[in-house]
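Q: Dumping the structure here so I can ask a few things about it.
The values are calculated or read from the model by the stated rules, or taken from the named source; none is laboratory data. Keep in mind that what you see is a predicted model, and the values were worked out from it rather than measured. Cβ: placed from backbone, ideal geometry, glycine included. Neighbour counts: every protein chain shown.
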Amino acid sequence: MRSAVHAAALRLLEKHQWEELSIPLVAAESGVHQATIYRRWGSMSSLLNDVVTEWSATDAALPDTGSLRDDLQLYATAVAASLEEGNVPLILRAVVLEIQPGERREASPAFVERERQLQTMLDQAQERGEPVPTLEELLEVLVAPLYFYALFTAPMPKAETSRLVDRLLDVVAHRTAAG
């Protein structure tokens with residue numbers, strides 16, 4: 001049932017603006033009764049957050065190659081590839097449209113989980129004796145540009161992600177040399 005509702009929401013995002021979507025529309029598309037959808041998610045926002053959480057948990061696993069550079073490169077390439085797909089940019093745009101001016105926002109469960117996973121990647125590299133960026137540096141220098149391009153221009157080509165990885169590792173090398 002969950003996968004049918006998620007798939008229906010994603011299909012509808014491909015055909016409609018986020019503002020046009022509704023639980024009854026998702027129910028009709030998925031074949032799941034709208035009362036069931038309301039009971040499980042309560043709103044389109046909650047359903048969208050669940051879609052994002054599911055996507056990030058299943059489609060965006062982190063590599064563990066034994067080398068931070070290789071892990072970062074594989075991760076950046078995978079993110080860039082996912083941002084070239086039709087559904088992921090649509091999900092991101094819908095998430096952005098959910099932002100209400102002046103409303104206090106908290107990190108989504110998907111973002112919190114991704115931060116935890118990335119920190120584990122960094123911790124493993126540090127345990128191997130590699131110099132590592134902070135989580136904030138990784139997000140600001142590597143991850144943020146990938147999503148920025150996907151939201152506001154064209155997704156960054158996978159072949160260009162190595163430049164972001166190099167830039168991040170340059171930040172680490174500069175900090176290490178200065179310290």
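Q: Can you go through E140, E115 and tell me which one is under 30 Å from L12 (Cβ atoms) and under 16 Å from the mean Cα position of the chain (by Cα)? Write out each step before concluding.
A: Numbers: E140 fails: under 30 Å from L12 (Cβ atoms).
Exactly one of E140, E115 is under 30 Å from L12 (Cβ atoms) and under 16 Å from the mean Cα position of the chain (by Cα), namely E115.
Q: Tally time: how many residues in segment 54-74 are at pLDDT 80 or above and either within 22 Å of E85 (Cβ to Cβ) or outside any loop (DSSP other than H, G, I, E, B) (or both)? Lay out the reasoning, then the answer.
A: At the first step, the residues of segment 54-74 found to be at pLDDT 80 or above are 62-74.
After this cut, where a residue has to be either within 22 Å of E85 (Cβ to Cβ) or outside any loop (DSSP other than H, G, I, E, B) (or both) as well, the list is 62-63, 68-74.
Within segment 54-74, residues that are at pLDDT 80 or above and either within 22 Å of E85 (Cβ to Cβ) or outside any loop (DSSP other than H, G, I, E, B) (or both) number 9.
Q: Would you pick out the residues in segment 1-41 that are assigned to a helix (DSSP H, G or I) and among the small types (G, A, S)? It would help to see each step written out before you state the result.
A: Of the residues in segment 1-41, the ones assigned to a helix (DSSP H, G or I) are 2-15, 18-20, 23-30, 34-40.
Listed by number, the residues that qualify are S3, A4, A7, A8, A9, A27, A28, S30, A35.
Q: Now a separate question. Check whether at least one residue in segment 95-102 is closer than 19 Å to A150 by Cβ, out of contact with any Leu (no Cβ under 9 Å at 6 or more places or on another chain), not in a loop (DSSP other than H, G, I, E, B) and not charged (D, E, K, R), and report yes or no. Walk me through how you get there before you give the answer.
A: First, pick out the residues of segment 95-102 that are closer than 19 Å to A150 by Cβ: 95-99.
Among the residues that remain, those that are also out of contact with any Leu (no Cβ under 9 Å at 6 or more places or on another chain) are: 97, 99.
Those still in the list that are not in a loop (DSSP other than H, G, I, E, B) too: 97.
Applying the additional criterion that residues be not charged (D, E, K, R) yields 97.
Yes; the residues of segment 95-102 include at least one that is closer than 19 Å to A150 by Cβ, out of contact with any Leu (no Cβ under 9 Å at 6 or more places or on another chain), not in a loop (DSSP other than H, G, I, E, B) and not charged (D, E, K, R).
Residues are listed down the side, and each one gets a yes or a no for (1) assigned by TED's automatic domain parsing to the domain that holds A8; (2) touching a helix residue (DSSP H, G or I) at 6+ places or on another chain (Cβ under 8 Å); (3) closer than 30 Å to E20 by Cα:
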{"residue": "A81", "(1), (2), (3)": "no, yes, yes"}
{"residue": "A110", "(1), (2), (3)": "no, yes, yes"}
{"residue": "Q126", "(1), (2), (3)": "no, no, no"}
{"residue": "L138", "(1), (2), (3)": "no, yes, no"}
{"residue": "V165", "(1), (2), (3)": "no, yes, no"}
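Q: For residues that are modelled with pLDDT under 90 and hydroxyl-bearing (S, T, Y), scanning just segment 4-48, find the one that is farthest from E85 (Cα to Cα).
A: Per the stated criteria, the residue is S43.
Q: Another one. May I ask you to list the residues in segment 138-162 that are assigned to a helix (DSSP H, G or I) and surrounded by fewer than 12 Cβ atoms within 10 Å (Cβ to Cβ)?
A: Residues of segment 138-162 that are assigned to a helix (DSSP H, G or I), as a first pass: 138-152, 158-162.
Scanning segment 138-162 gives F148, F152, A159.
Q: Could you tell me how many of the residues in segment 115-137 are assigned to a helix (DSSP H, G or I) and under 20 Å from T176 (Cβ atoms)?
A: Step one: filter segment 115-137 for residues assigned to a helix (DSSP H, G or I), giving 115-127, 135-137.
Then keep just the ones that are under 20 Å from T176 (Cβ atoms); that gives 118-119, 121-127, 135-137.
Residues meeting the conditions: 12.
Q: Taking V112 and the conditions (1) part of a helix (DSSP H, G or I); (2) at pLDDT 95 or above; (3) not charged (D, E, K, R), which numbered condition does it fall short on, given that it satisfies the others?
A: In the conditions (1) part of a helix (DSSP H, G or I); (2) at pLDDT 95 or above; (3) not charged (D, E, K, R), V112 misses (2) alone.
Q: Moving to a separate point now. Within the set of pairs 6 or more residues apart or between chains, which connect a residue that is of a type in the set (S, T, N, Q) inside segment 34-62 to a residue that is modelled with pLDDT of 80 or more and crowded, with 17+ Cβ neighbours inside 10 Å with Cβ atoms less than 9 Å apart?
A: Final answer for the pair search is Q34/I23; Q34/V26; Q34/A27; T36/V5; T36/A27; S43/I23; N49/W41; S56/R114.
Q: Can you tell me which residue within segment 100-122, out of those that are of a type in the set (D, E, K, R) and surrounded by 12 or more Cβ atoms within 10 Å (Cβ to Cβ), is farthest from A76 (Cα to Cα)? Steps first, answer last, please.
A: Residues of segment 100-122 that are of a type in the set (D, E, K, R), as a first pass: 103-106, 113-116.
With surrounded by 12 or more Cβ atoms within 10 Å (Cβ to Cβ) added as a condition, the list becomes 113-115.
Details: E113: 17, R114: 13, E115: 14 Å.
By that ranking, first place goes to E113.
Q: In segment 1-18, which residues are surrounded by fewer than 17 Cβ atoms within 10 Å (Cβ to Cβ) and within 16 Å of P89 (Cα to Cα)?
A: Just the residues of segment 1-18 that are surrounded by fewer than 17 Cβ atoms within 10 Å (Cβ to Cβ), to begin with: 1-4, 7, 11, 14-17.
Matches in segment 1-18: A7, R11, E14, K15, H16, Q17.
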